[in-house]
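Readers should treat all values here as calculations from the given coordinates under stated rules, not as data from a laboratory. Note that this is a predicted model, so its numbers are computed, not measured. FYI the Cβ positions are ideal-geometry reconstructions off the backbone, even for glycines, and counts take in every protein chain you see.
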Protein chains: 2
Amino acid sequence: MSRDTISDDTHGVVYEFAPEMDAVREVEPGTSLTFETRDSLDGVIQDDDDLLDRIPEEVNAATGPVAVEGAEPGDVLKVEIEDVRLAEDHGRVVTTPGFGLLQDDPDIEAPFTRMTPVEPAENYDDGRPRVRFAERSIPVDPCIGTIGVAPAEESYTTLVPHDHGGNLDTNDVTTGSTLYLPVFQPGGMLAMGDSKAVMADGEMCGTGAEIATDVDVTLDLLKDPEFDLQRPLIDTGEAWKTVASAETLEEASKLAHKDAIELLSAEHGFGPTESHAFGSLVGGLEISQVVDPLVTVRNAIPSEHVSSPF
Amino acid sequence: MSRDTISDDTHGVVYEFAPEMDAVREVEPGTSLTFETRDSLDGVIQDDDDLLDRIPEEVNAATGPVAVEGAEPGDVLKVEIEDVRLAEDHGRVVTTPGFGLLQDDPDIEAPFTRMTPVEPAENYDDGRPRVRFAERSIPVDPCIGTIGVAPAEESYTTLVPHDHGGNLDTNDVTTGSTLYLPVFQPGGMLAMGDSKAVMADGEMCGTGAEIATDVDVTLDLLKDPEFDLQRPLIDTGEAWKTVASAETLEEASKLAHKDAIELLSAEHGFGPTESHAFGSLVGGLEISQVVDPLVTVRNAIPSEHVSSPF
């Protein structure tokens, strides 16, 4: 499939998702594109001796935004993620003072940088490239850290996740998944960046293996669907995962579970209490990240129990 | 293998893990036993019309405790879980006023009970029994909700999880897993109960499908191992999972991650910052439950990256 490229260098990046954004490109629903994304730290970390003394004012550059013709508030933007390809031969994992799950722990050094070179698939029996960390190697499993649309009212820097998406740092935003985002503004305004070669659920030190990528997506539009999508939703093929961000993991868990209750009720005609009880038996809560200014939790419902809500 | 049975009816149950406990039985290291456990609500819920107006003062009856000969503080009790068999033909999922993730939500009814009949494996193509919930059925995947030893100093009711184990409500405490518990008191004093036929990670409504079970285990003792185990640790065969309980999911995440850092440092000779960064790339944080008086988080490290710490 021929696809145009949206480039961080030539089209540009944003460091904020705002209600009013200027599209770098407008496309029709059904268009396939490649987004070129730079690493979350704008390429300033290239060596173990490059240290990040503080979180930069501008971080998680998001390539775009791209407007989808005809998108209006109340619609849903469907982002099929067809491929996330590594676009440089090394990632980097860093700690930064005042950031991360163990920021107050005296045993943890910050700043600290460890480059994670990418080793080609042909070196390994399982045919997957790996990133090296000291003497260890880890199979590459890329995800897009920051992806979102223009929010309804407030602006959010690309360090913050919220109902518009943003810095979700969610492993399931990856090759083969479909991400559904609510449209809050005309055109939707999709931007993405901050990919990782690999990341643990939790992103405890504050980063995964941050890396530039080329991301193939097809963008489509669901016009004013009956199901009222409030927050990001992911179809991994094996599960439908609600995604919610809040001040605490408890609050994010409540939102993610309430969204799952909506899915189950729409599918099975359950009342909210029945869906709550049923949802306490299948799938369950997952942690995306515990380090950003708001934290992010998923609730995964196996596809056996939810088809598409749209 | 011939194995003796420890029965909730004839040997008895406890509703508290205390520093001083009276063993119902003493066994040698290497002994295989079957624990008969009653459901967490002592059998009082047998119909959709049986409602739980409040959490009973005594809940999560734990069969035992069993002492292991020679166990002393500083040792580790190894519990190989060989089988968790359902011992009644229905479970139950309930909501209770003032309990559960959505206890303040006006849309959620409490008390509410839904019986979950067990349907035999031969009814299903995949050869697994299922529990029925309304018109839906869910493959059975039993776990032990409450399992622990005599704590170091404080007493904990069987509603509370902590470093001694207790009400961990952790899906991975299941057939095929090995649970390691720190020994705080002579004999260790193992008791268990509160099984579920199936439960979602999070246990959002406050229960899984609560059910009586027969649990086959082999108990062994690791004498004064070099690795200093502070809290429960699970070997699922695919991953080593640290298990930590605390007031908030954030605090539990910190403890579970610090325990994972200890595992990684012991295995690879990493310093704490290196293990912190490496642990932000592999496996990651998982939610066990968000409803008990303390909440429980795991950190899963794939077995590729950690062998046994013992």
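Structure values in brief
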item: Cβ-based net charge around residue B:222, under 9 Å, with every Lys or Arg adding one and every Asp or Glu removing one; result: -1
item: Peptide B:198-210 - average C-beta neighbours from other chains (10 Å radius); result: 6
item: Paramagnetic label zone (point 7 Å from Cα along Cα-to-C-beta, residue B:304; backbone N under 12 Å) in region B:268-297; result: B:282-283
item: Ranked packing of A:247-257, B:255-265, most packed first, by mean Cβ within 10 Å; result: B:255-265, A:247-257
item: Between 0 and 90°, nearest 10: helix B:249-268 axis offset from chain B longest Cα axis; result: 40
item: Per-residue average of Cβ from other chains inside 10 Å of A:105-112; result: 5
item: Convex hull projection area averaged over all views, the protein assembly as shown, Cα basis, nm²; result: 27.2
item: Where rotation carries B onto A, the chain B residue whose Cβ is nearest that axis, in whole Å; result: B:249, 2
item: Amide hydrogen neighbours beyond the local backbone of residue B:221, cut-off 5 Å, H modeled; result: B:30, B:78
item: 23 Å Cα-Cα reach of residue B:78 towards lysines, excluding residues that sit fewer than 8 places from it in its own chain; result: B:196, B:223, B:241, B:258
item: In region B:80-134, the chymotrypsin sites (Phe, Trp or Tyr not before Pro) that fall in loop regions by DSSP, at most 15 other Cβ within 10 Å; result: B:124
item: Inter-copy spacing of residue A:3 label points, which lie 7 Å from Cα along Cα→Cβ, given in nm from shortest upward; result: 5.2
item: Most positive-pole-ward Cα, A:17, A:171, A:189, against dipole of region A:4-222 from beta carbon charges; result: A:171
item: ³J(HN,Hα), Karplus 6.51/-1.76/1.60, whole Hz, each residue of region B:274-287, x for Gly, Pro; result: 4, 5, 4, 5, 4, x, 8, 10, 10, x, x, 6, 9, 9
item: GluC sites (Glu not before Pro) restricted to DSSP loop in region B:1-40 with at most 16 other C-beta within 10 Å; result: B:20
item: Cut-off under 5 Å, modelled amide H: who pairs with residue A:16 long-range; result: A:158
item: Modelled FRET efficiency - R0 56 Å, residue A:122 with residue B:214, Cβ distances, 0.05 increments; result: 0.65
item: Rg and Dmax [Cα atoms of region B:4-226; Å; Rg one decimal, Dmax integer]; result: 17.4, 53
item: In nm, spacing of pseudo-spin labels at residue A:46 and residue B:80 (7 Å Cα→C-beta vector); result: 5.5
item: Sequence-distant residues sharing a close amide H with residue B:288 (under 5 Å, placed H); result: B:296, B:297, B:298
item: Percent RCO, i.e. relative contact order, over region A:1-156, from Cα pairs under 8 Å lying at least 6 residues apart; result: 27
item: Positive minus negative residues near residue B:49 (Lys, Arg vs Asp, Glu; Cβ under 15 Å); result: -3
item: Peptide A:292-302, shielding by other chains (average Cβ, 10 Å cutoff); result: 2
item: Relative packing of A:276-289, B:174-187, which averages over residues the other C-beta atoms within 10 Å, highest first; result: A:276-289, B:174-187
item: Estimated dipole of region A:4-222 in Debye, rounded to 20 [Cβ of Lys and Arg +1, of Asp and Glu -1, Cα centre]; result: 280
item: At 7 Å out from Cα toward Cβ: residue A:104 inter-copy label distances (nm, ascending); result: 2.2
item: Label distances, nm, residue B:26 versus same residue in remaining copies, Cβ-directed 7 Å point; result: 8.4
item: Mean separation of Cα contacts under 8 Å, 6 or more apart, over the residue count of region B:217-286: relative contact order %; result: 19
item: Rounded to whole Hz, the Karplus (6.51, -1.76, 1.60) HN-Hα couplings of region B:144-152, x for glycine and proline; result: 8, x, 10, 8, x, 10, 5, x, 5
